[in-house]
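These notes concern the structure reproduced below.
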Amino acid sequence: MQFGFFDDIHREYIIQRPDTPLPWINYLGSQSYFGIISNTAGGYSFYQDARLRRLTRYRYNNVPLDMVGRYIYRRDNQNGAFWSPSWQPTCTNLQEYSCRHGLGYTIIASTFQGIRNQTRYFVPLNQNIEIWEVEIENQRDQRADISIFSSIEFALWDAMDDAANFQRNFSTGQVEVNVGKAGEPDVIYHKTEYRERRDHFAFFACSEPVTGFDTQRESFLGPYRSWANPVVVSEGSSLNSIAYGWAPIGSHHVKVSLAPGEKQKIIFLLGYHENPRDDKFDPPESQTINKRNLLPTIRRFLKKDQVEASFEELKNYWDDILGILQVETPDPHTNRMVNIWNAYQCMITFNMSRSASFYESGIGRGLGFRDSTQDLLGFVQMAPERARQRLLDLAATQLDTGGAYHQYQPLTKRGNNNVGSNFNDDPLWLVLATSAYLKETGDWGILDELAPYDNQPGTETPLFDHLQRSLQYTLDRLGPHQLPLIGRADWNDCLNLNTFSTEPGESFQTTTNMDGKVAESVFIGGLFVLASHEMAQLCQSLGKNELAQTYMDHAKQMTKTVMQEGWDGSWFLRAYDHYGDKIGSKTCEEGKIFIEPQGICIMAGLGLSDGKAIQALDEVNKRLATPHGIVLQQPAFSRYYLNLGEISSYPPGYKENASIFCHTNPWIMIAETMVGHNDLAMDYYQRINPSCREQISEMHRCEPYVYPQMIAGRDAPTHGEAKNSWLTGTAAWNFVAITQWILGIRPTLDGLRISPAIPTNWDGFSATRHYQGIKYNISVKRAGKGSQVSIKIDGVPLKGEVLPYSFVEKNEVNVEVILS
Ligand code: BGC
Ligand code: NOJ
């Protein structure tokens, strides 16, 4: 069953009924000002940091679901009926409801009793404001007198404190209201704590003269009432309340009288502004906000033409970004994910990391080291300058041991002490991310950029040195089998081999009760080989041949160790635990085989030459693959294991305990392309491709346009149900798997490589790829069943599969690829 459909031409998903299984959300904002918005206008906004600069409130895990949001009520002043055109919160039975989630904007439209409403929500580029452009149309054959009440609930900045510290917060709220002044826009200002150390405030403006306003929640709603029936809306008149403590909100009341067929547009602006500390007040000795710098912006964006122009700008911005890679394949699901939604999700994930979604409350964690480095693999081609900055920021949170803070706060860019370090895979991802950046941009200068350790001035070394220390970090931490020590955890945060926690509620992520000198990770072994190969290639390109050889030797040695100590007969082991016992082995009762080491080891080239890779992949297929994707391990852990930690805390089939943890599936897709199983790679790709799963939305439940982190595995009664959509490394890795390995358009240090591994029943595909200043028009045609490649550039045959830059010397070329 579907709840909407894809409009690929307009790059929108159109939801046709408001009661989706879960709120289906979208993101507003692209640089500093961000928001999430659901298909019924639920959600919130923040400036830069979802925890520390929360602008508006949202109640996670609340009843009713998905409260509160950007609600704009209507009231028919002739009969007193009132409703929400976004369905929530009044949940009125609407005609013609639709929600169009597009790239950086959402448009919700509906009709009720002959009044059509449409609201377009978006954040203009380079602005700290969001626009709600309301269009109301009278489709009746009589005049309509309608009241419009906007509403937003302000958060008192620090979202954590806002949700907890009521003894103080009920007494700090302050607003300023400017309405009814000739020649000035009607604006509500939220200025809690502006009197003291905050130099920022929020504002909520309206393009039309208001009839009234409210800023105190209780006045607007009425005591013991809810957002579903605010007293002000049901009575049809604002109370002009001024918040003084309690819960500041913003609500404007605008009255419109529309002739039959008449339409009117009204613009609301919600925004954030910072003033210089010494120029906060106007006049200086007063307590009144200085609005001189802000008012011109408000005036500008309250103009309809400007709104339209900004919307066009936003569309062009996305056209440019998505234009970097466009493909036309025989599979519409592949096309729409690669061309639109997967790329979009990669950008959003880059912007948000794991901070703010329907599942991430914005107060949990900052930017993860391993998360951000992997996210980079998916967005580097779309925002190379921002990728560059991200790499240097990440490097600055490394420690001088080469280890890294597991997370850092985006506002301060400082490592997070509460979580600390010792996740032993973390630093290796920096090598992969940097190498991906170099392959995309050829910006070798980044390796000379200085970055400090632990953000300490005076400790700066070139990025290249950071990478060397990243690899050395593993070599300095080898265990009894000469495999890398796992530390707190590797990629699988929940395989906690040194935790041994018996305290209820103790964090698995931060507790370490064992000294960590025994538990080893085969996964990190594979990752180390992969990273060492990348490093060796970098060194070679830099002419550092001896160093390149050193890294090749390390890779060789680790490969040998993994094949000796980490091969279980038919697949790669997962780890050795604190007692030196095998994890992920045929000798285990539960958790016999894990997906992660199969993926990463084969991607690193292990087992390719001796058939072991194929053997392991066959076992994955036999033991882990389900119609909904490949589960993380089997058999699931049926009880809590002290020596394994959080992984066994989840009921079987959920999260790391044998769900389809989507992040890992593309590793297997890539591995399958490496052993020439193209059909199976595509099959796996389609099993978790959200667009392919659209028809089972009632089972999948999450948005059909973005990847979720997990789909319940076969051990769960809810097998096939997705969870934790949007912010997941799944986005980047699927993008890499489909574009670089299945379609085979793969940046390398020497140029763009074209090595398609497409299914046998495809007769080809075409693509355009902008890469290092050149537009490649690629056409791939199948002449035989295999993946043998022969290439012509502008008609001239090329030796090999890499399009060298020196060969080209043009800014647009046609690349013909014949597969046989
Ligand atoms: C989740 C992991 C996550 C970790 C760190 C755990 O509870 O299961 O998926 O990586 O928390 O936030
Ligand atoms: C989600 C976390 O964000 C990521 O860092 C981790 O690798 C996976 N969960 C698997 O545990």
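The values are calculated or read from the model by the stated rules, or taken from the named source; none is laboratory data. Everything numeric in this text was worked out from a predicted model, so none of it was measured. Positions of Cβ are backbone-derived with ideal geometry, glycine not excepted, and every protein chain shown enters the neighbour counts. For the accessible areas, the whole protein counts, side chains as well, though only heavy atoms, and no ligand, DNA or RNA atoms are used. Shrake-Rupley method; radii C 1.70, N 1.55, O 1.52, S 1.80 Å.
Per-structure values
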| item | result |
| --- | --- |
| Condition met for residue 65 (under 21 Å from the mean Cα position of the chain (by Cα), farther than 24 Å from residue 379 by Cα and either outside any strand (DSSP E or B) or not hydroxyl-bearing (Ser, Thr, Tyr) (or both)) | no |
| Segment 359-373 residues that are under 18 Å from residue 403 (Cβ atoms), paired with ones that are within 9 Å of ligand 1 (Cβ to nearest atom) and open to solvent by 50 Å² or more (accessible area, probe 1.4 Å) (beta carbon under 8 Å, 6 or more apart) | none |
| Residues satisfying the stated conditions in segment 288-313, i.e. farther than 17 Å from residue 104 by Cα and of a type in the set (A, V, I, L, M) | 289, 294, 295, 298, 302 |
| Check on residue 361, within 16 Å of ligand 1 (Cβ to nearest atom), under 30 Å from residue 422 (Cβ atoms), of a type in the set (S, T, N, Q) and modelled with pLDDT of 95 or more | yes |
| All positions within segment 197-239 that are of a type outside the set (Gly, Ala, Ser), closer than 18 Å to residue 90 by Cα, in a loop (DSSP other than H, G, I, E, B) and free of Cβ contacts under 8 Å to residues at least 24 places away in the same chain | 223, 224, 225 |
| Test: residue in segment 428-450 that is open to solvent by less than 40 Å² (accessible area, probe 1.4 Å) and assigned to a strand (DSSP E or B) | no |
| Criterion violated by residue 556 - all others in (1) surrounded by fewer than 17 Cβ atoms within 10 Å (Cβ to Cβ); (2) within 16 Å of ligand 1 (Cβ to nearest atom) satisfied | (2) |
| Residue in segment 613-640 that is farthest from residue 492 (Cα to Cα), counting only those that are in a loop (DSSP other than H, G, I, E, B) and free of Cβ contacts under 8 Å to residues at least 40 places away in the same chain | 639 |
| Matching residues, segment 477-506, being within 12 Å of ligand 1 (Cβ to nearest atom) and more than 25 Å from the chain's Cα centre (by Cα) | 496 |
| Selection from segment 489-505 of residues that are without any contact (Cβ under 8 Å) to a residue 12 or more places away in the chain and either in contact with a Gly (Cβ under 7 Å, 6 or more places away or on another chain) or under 16 Å from residue 650 (Cβ atoms) (or both) | 504, 505 |
| Test: residue in segment 558-577 that is within 16 Å of ligand 2 (Cβ to nearest atom) and outside any helix (DSSP H, G or I) | yes |
| Filter result for residue 733 (among the aromatic types (Phe, Trp, Tyr), within 16 Å of ligand 2 (Cβ to nearest atom) and in contact with a His (Cβ under 9 Å, 6 or more places away or on another chain)) | yes |
| Top-ranked residue of segment 431-467 - restricted to ones that are under 30 Å from the mean Cα position of the chain (by Cα) and without any contact (Cβ under 8 Å) to a residue 12 or more places away in the chain, ranked as farthest from residue 540 (Cα to Cα) | 456 |
| Number of the condition not met by residue 593 [criteria: (1) buried (at least 23 other Cβ atoms within 10 Å of the Cβ); (2) over 19 Å from residue 522 (Cα atoms); (3) hydrophobic (A, V, I, L, M, F, W, C)] | (2) |
| Unique match (being on the phi > 0 side of the Ramachandran plot and either among the charged types (D, E, K, R) or at pLDDT 95 or above (or both)) among 80, 183 | 80 |
| First in segment 114-132 and among the basic types (Lys, Arg), second anywhere and buried (at least 21 other Cβ atoms within 10 Å of the Cβ), Cβ under 7 Å, 6 or more apart | 120/105; 120/133 |
| All strands (runs of 3 or more DSSP E) inside segment 701-748 with 2 or more residues being touching a residue at least 40 places away in the same chain (Cβ under 8 Å) and more than 16 Å from ligand 1 (Cβ to nearest atom) | 745-748 |
| Residue match in segment 163-171 (condition: touching a Pro at 6+ places or on another chain (Cβ under 9 Å) and farther than 27 Å from residue 276 by Cβ) | no |
| Residue match in segment 699-722 (condition: of a type in the set (S, T, N, Q) and open to solvent by less than 10 Å² (accessible area, probe 1.4 Å)) | no |
| Qualifying positions in segment 39-85 - open to solvent by 10 Å² or more (accessible area, probe 1.4 Å) and among the hydroxyl-bearing types (Ser, Thr, Tyr) | 47, 58, 60 |
| Every residue from segment 502-545 that is of a type in the set (Ser, Thr, Tyr) and open to solvent by 10 Å² or more (accessible area, probe 1.4 Å) | 502, 507, 510, 511, 512, 541 |
| Only one of 649, 659, 638 that is open to solvent by less than 10 Å² (accessible area, probe 1.4 Å), closer than 25 Å to residue 581 by Cα, at pLDDT 95 or above and polar (S, T, N, Q) | 659 |
| Residue in segment 284-297 that is within 16 Å of ligand 2 (Cβ to nearest atom), in contact with a helix residue (DSSP H, G or I) (Cβ under 9 Å, 6 or more places away or on another chain) and of a type outside the set (A, V, I, L, M) present | no |
| Some residue of segment 182-196 being in a loop (DSSP other than H, G, I, E, B), polar (S, T, N, Q) and surrounded by fewer than 16 Cβ atoms within 10 Å (Cβ to Cβ) | no |
| Number of the condition not met by residue 127 [criteria: (1) open to solvent by 20 Å² or more (accessible area, probe 1.4 Å); (2) farther than 16 Å from residue 301 by Cβ; (3) touching a Gly at 6+ places or on another chain (Cβ under 9 Å)] | (2) |
| Some residue of segment 514-525 being within 18 Å of residue 405 (Cα to Cα) and within 16 Å of ligand 2 (Cβ to nearest atom) | yes |
| Pairs where the first residue, in segment 25-54, is without any contact (Cβ under 8 Å) to a residue 60 or more places away in the chain and the second is in a loop (DSSP other than H, G, I, E, B) and of a type in the set (S, T, N, Q), C-beta under 8 Å, 6+ apart | 42/88 |
| Sole exception among (1) within 15 Å of ligand 1 (Cβ to nearest atom); (2) in contact (Cβ under 8 Å) with a residue 60 or more places away in the chain for residue 392, by number | (1) |
| Selection from segment 799-820 of residues that are assigned to a strand (DSSP E or B), at pLDDT below 95 and over 17 Å from residue 768 (Cβ atoms) | 804 |
